[in-house]
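The values are calculated or read from the model by the stated rules, or taken from the named source; none is laboratory data. Just so you know, these numbers come straight off a predicted model, no measurement behind them. Quick reminder, even Gly has a Cβ in these numbers, built from the backbone with ideal geometry, and neighbours come from all protein chains shown. Accessible surface is based on the protein model in full, side chains and every heavy atom, while ligands, DNA and RNA are left aside. Shrake-Rupley method; radii C 1.70, N 1.55, O 1.52, S 1.80 Å.
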Amino acid sequence: MTAQEIYDTLKKKFPDTVLEFNSEALQPFIKLDAEKQFYELCQFLRDDEAMDFDFLRCLSGVDYGEPLGAVYHLFSMKHRHEIVLKIEVAREGGKIPSVADLWRTADWHEREIFDLYGITFTNHPNLKRILLPDDWEGHPLRKDYVTPEYYNGIPILHPDTKGKTNE
Amino acid sequence: MSKSNLPPTQFELEISDDLKTEEMTLSMGPQHPSTHGVLQVILKTDGEIIKSAEPVIGYLHRCFEKHAENVTYHQVIPYTDRLDYIASMNNNLGYAIGLERMMNLEVNERAEYLRVIVAELNRIASHLIALGTYGLDIGAFTPFLYVFRDRELILDLFEELCGARLLYNYIWVGGVAYDAPQGWIDKVKEFTDYFEPKIKEYNDILTFNKIFIERTANVGVIPPEVGINYGVSGPSLRGSGVNFDLRKDAPYSIYDRFDFDVCIGKGEMGTVGDTWDRYWVRVAEMFESVKIIRQACDAIPEGDAKETVPRNIKVPPGDYYMATETPRGELGYYIISDGGKNPNRVKVRSPAYSNLSVLPAIAPGVMIADLVAIIGSLDIVLGEIDR
Amino acid sequence: MDATVAFFYDLIPALSNLPDWLSYTIIGAVLTVGAFLFIAVFALIGIWLERKISGHMQDRLGPMEVGGWHGWAQTIADTVKLLVKEDIIPEKADKFLFKFAPFIMFTASMAAFAALPWSARFIPANLNVGLLYILSVSSLVVIGILMGGWASNNKWSLYGAMRSAAQMISYEIPVALSLIVALLLTGSMDMQEIVRGQAGGIFNWNIFGYFPLLFIAFIIYFIASLAEVNRTPFDLPEAESELVAGFMTEYSGMRWAFFMLAEYANMFVVSAISTTVFLGGWQPIAPFLDFIPGPFWFLGKALFLVLIQMWLRWTLPRLRVDQLMYTTWKVLTPFSFALILLVSFIKVL
């Protein structure tokens, strides 16, 4: 299926969830609303015979400036077609339904996004930091992240430069 | 859908009820000889049998993605070297091609051929390490030194090409950093002639050793649907019999011009998808890589490999997900550009990250020695998992 | 000890003029020191050899620097290093057992040297149940390992200790059974008797008795003895890639060196037993080679078996615990029983 066909099917089935379709981009993507039936849509994508997206290639967190976002790259081993899903959530208290039990890949990737962007994934089986220590403060990949000077009394930035480079 | 509909993640343990046993929690790593780096696995064991295994990662986190947002497009390339430090060329390649597609940049023919040659050489080097360390995990020390002997020759070739032995920074956007020195292509050909018979040597000492087969066959079986669900890719997924190789399925660079086969596990020694199959796929892939290198060496045109390297990289706003086949599997770069000097976001979908995440699903019910075999067969590189 | 004492009286006639208790003590002390020195020198040479052999098997040279010629002094330098190393004992370890374990293991393997027949006249202790004695003292080794593993208070060490306990106790059965096959032929447990029974060249050695029955017994003994001394492919108690270093994980310096010494001493002991029982002990390969003294043949044959052990170590991968148990209980033990039955049957005929 082409991206256009996938979009048409989804739009018919989940008119509230599907917000926008961009076919101009290098890789056409569908924008979705995380709050309305997002999980059900993913489940449809995975289980429907014609869709059969069984492989979640990549799940990335993005900081769009104001909102945060998550991007899902899906692939079907059987039909060899792919689609990109994009979600935007509020900067503070943003929530996305977890798809970790649909695609296990999402388990660690959602934890990573939670770790680095602070987006909460509801219904995730084990949502805790993965790359950073459990008691780390802040979410480093947000654009407005300020590196703390100390972590448990250990200086993070070089004491002389305090993180500034000589420019 | 309820979680019970998921592919099985836990195999039943055969322990009778009247045997009262106590669980022991065991921390395997971060300093352990066979976790292939600073990986920690928290094991719950019943005697030698593992009840659950939970990988703890992040000990080697080096903030690649944060760094990438603060340096220019070109300066990201040396950082990509350090993701999967065993197959740096392949890491360079994915990033460079991703940017070229975003910029709609044509790459010089000679540079394309050079890229394929170095990528495949590096694939061999990486698979050699996978083989050697796998032997080490199973307890055979000698094959490890045999493969390092031959890997050394590949590193020598790379050193002659770009001056570096491990972290190359060789494949640049639009081409490669240096053209091949005179006679280098002949040396590569010589190497392939030397190397092909050597694979038989490894097979004799390790692959078809009875004890090795006993240890690896029927161990750590990843059923194909479980593998796909967990995002396993590369030789680890092909070992389960799934024909998925991005060089064939989504050809990048000039891979569509070469004649090679995708190797998949057939369960020759046990079940499809066991550790022996994953190991065997790597051995077989080395033959295919040699095939590709030979064809590329014969067809490489004359020309200036640096012709199309742009002075300034101007990437139009937009995003692109570029996936390439590295020795470990699907390495994806999700690059977002806002039109500026620096990338807005470079997300790395690292193959070993997803490959390792399948461990909790296949570990329960095996023995500690098998867990070592399973971790080894997934061929993880912690530099790439923790980024 | 009569034969030994007579041997020493012949060697140094002055000894016979001393009172019995004094001469016996002197002879005993000399033998003990001799055995210790032999083990130490053997371990030094053995480890050096192992490094060189593994090196050349692996397309490299092994140690080349220390001492000049092919790094012959490397192990001596290492021993000096180990001697001056800090003796680290984990805080939570059971200190007494922890300190004691290496010595138990070493003593057990050294005690076996008492009953090895070096030549027609020289055997430190000529017991009429020599073989039984060696089998019993060398099984004490497992207690040292178990103690060390338990006392370290480390889970990996405990795993190593438990594995070795299971492994060594299981493998003692095929070891003993395969030796019994040979004993049926010789009809004696006296080490010297066993060797004397094999006089007259290579084809009179026990290994070719009732060909190929005793040959199979020899193979069974060899495999089982590899497991007895924790060598590859049965090196599960140490299993570097699984258990870090097994029961030795927490040991360092001289205590670790004692484990190492014991391991090499054990390698020699099991090879010496198979030499004595299957390969004609100090008997020359052919009768006309009689003029070469017995210790040469004895040492030569034992070292040959040690070399095979090393060769296997650098060739084979390691078995898994269940496969290890399978090998002993379902393969080696039934086969040795069958051999015993067959040999006794033939003998009765």
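Helix check for chain C. Which DSSP H runs span at least 24 Å along their own axis by Cα, with a mean Kyte-Doolittle hydropathy no less than 0.0?
Taking the DSSP H segments of chain C (at least 24 Å long, mean hydropathy at least 0.0), we get C:20-57, C:95-111, C:155-186, C:253-278, C:294-313.
For the pairs A:Lys128/C:Lys155; A:Lys36/B:Lys66; A:Lys86/B:Lys347, flag any whose C-alpha to C-alpha distance is greater than 21 Å.
A:Lys128/C:Lys155; A:Lys36/B:Lys66
Quote the FRET efficiency, to the nearest 0.05, computed for B:Phe148 versus B:Gln75 with a Förster distance R0 of 35 Å and r equal to the Cβ-Cβ distance.
After rounding to 0.05, the efficiency reads 0.65.
How big is the Rg/Rh ratio for region B:238-302, C-alpha atoms only, Rh by Kirkwood, two decimals?
For region B:238-302, the value is 1.07.
Once you place label points 7 Å from the Cα toward the Cβ at C:Leu349 and C:Asn153, how far apart are they in nm?
So the label points at C:Leu349 and C:Asn153 sit 6.3 nm apart.
When only the heavy atoms of the protein chains count and the probe is 1.4 Å, how do C:Lys81, B:Lys210 rank by accessible area, highest first?
B:Lys210, C:Lys81
To the nearest 20 Debye, how big is the dipole of region A:3-133 about its Cα centre, given +1 on the beta carbon of each Lys and Arg and -1 on that of each Asp and Glu?
So the magnitude is around 240 debye.
Between 0 and 90 degrees, rounded to the nearest ten: what's the tilt of helix A:38-47 against the longest Cα principal axis of chain A?
So the inclination is approximately 60 degrees.
Please label the shape of region B:237-361 as rounded, prolate or oblate, based on the square roots a ≥ b ≥ c of the eigenvalues of the alpha-carbon gyration tensor (a/c under 1.5 means rounded; beyond that, a/b larger than b/c means prolate, else oblate).
Cα axes put region B:237-361 in the oblate bin.
Roughly how tilted is helix B:275-299, in degrees to the nearest 10 and between 0 and 90, from the longest Cα axis of chain B?
10 degrees
For region C:85-128, with every protein chain kept in place, what is the accessible area per residue (1.4 Å probe, Å²)?
50 Å²
Tilt of helix B:109-138 relative to the longest C-alpha principal axis of chain B, in degrees (0 to 90, nearest 10)?
20 degrees
What is the Rg over Rh value, at two decimals, for the protein assembly as shown, using alpha-carbon atoms and the Kirkwood definition of Rh?
Computed over Cα atoms, the ratio is 1.06.
How large a share of the accessible area of the protein assembly as shown, in percent, is made up of carbon and sulfur atoms when the probe is 1.4 Å and the other protein chains stay in place?
60 percent
Would you work out which of C:Leu303, B:Ile86, B:Phe244 lies farthest towards the positive end of the dipole of the protein assembly as shown? Charges go on Cβ: Lys and Arg +1, Asp and Glu -1.
Value: C:Leu303.
Which value, in debye to the nearest 20, gives the size of the charge dipole of the protein assembly as shown about its Cα centre, when Lys and Arg are +1 and Asp and Glu are -1 at the Cβ?
1380 debye
With all protein chains present, calculate the accessible area of C:Trp72 using a 1.4 Å probe and round the result to the nearest 10 Å².
130 Å²
Could you check which residue among B:Gly37, B:Gly227, B:Gly332 shows the biggest mean-square fluctuation in a GNM of chain B with a 10 Å Cα cutoff?
It is B:Gly37.
Hey, can you find the accessible area per residue of region C:137-252 for me, probe 1.4 Å, expressed in square angstrom?
31 Å²
Quick one: 3J(HN,Hα) in Hz for region B:180-194, Karplus 6.51/-1.76/1.60 with θ = phi - 60°, rounded, Gly and Pro as x.
5, x, 4, x, 5, 4, 5, 5, 4, 4, 4, 4, 4, 5, 6
Using the Cα gyration tensor of region C:1-84, with a ≥ b ≥ c the square roots of its eigenvalues, what is the shape: rounded (a/c below 1.5), prolate (a/b larger than b/c) or oblate (neither)?
prolate
Can you work out the accessible area per residue across region A:1-121, with the rest of the protein chains kept in place, probe 1.4 Å, in square angstrom?
With all protein chains present, region A:1-121 gives 37 Å² per residue.
Name the residue farthest towards the positive end of the dipole of region B:244-349 from the options B:Tyr279, B:Cys297, B:Asn342, assuming +1 on Cβ of Lys and Arg, -1 on Cβ of Asp and Glu, about the Cα centre.
After comparing all options, I get B:Asn342.
Could you give the C-alpha radius of gyration of region C:95-348 expressed as a fraction of 2.2 N^0.38 Å, taking N as the number of residues it contains?
For region C:95-348, the normalised Cα radius of gyration is 1.01.
Treating only the Cβ of Lys, Arg, Asp and Glu as charged (+1, +1, -1, -1), what charge dipole size does chain C show about its Cα centre? Round to the nearest 20 debye.
440 debye
Jot down the radius of gyration and Dmax of region A:3-133, Cα atoms only, both in angstrom.
14.0, 44
When chain B is treated as a GNM, springs tying every alpha-carbon pair under 10 Å, which of B:Asp370, B:Asp274, B:Asp298 comes out with the largest mean-square fluctuation?
B:Asp298
Starting from the exponent 0.38 and prefactor 2.2 Å, build the expected Rg for chain B from its residue count and divide its actual Cα Rg by it.
In units of the globular-protein estimate, chain B measures up at 1.00.
With a 1.4 Å probe and every protein chain left in place, tell me how much accessible area B:Thr192 has, in Å² to the nearest 10.
Approximately 0 Å² for this residue.
Could you compute how much accessible surface C:Ser225 exposes when probed at 1.4 Å, giving the result in Å² to the nearest 10?
Its accessible surface works out to 0 Å², give or take rounding.
Mean-square fluctuation check for chain B, GNM, Cα pairs under 10 Å: which of B:Glu23, B:Glu69, B:Glu330 is largest?
B:Glu23
For region A:12-131, give the share of DSSP beta bridges that are antiparallel, in percent and rounded to the nearest 5; count only bridges with both residues there.
Close to 75 percent.
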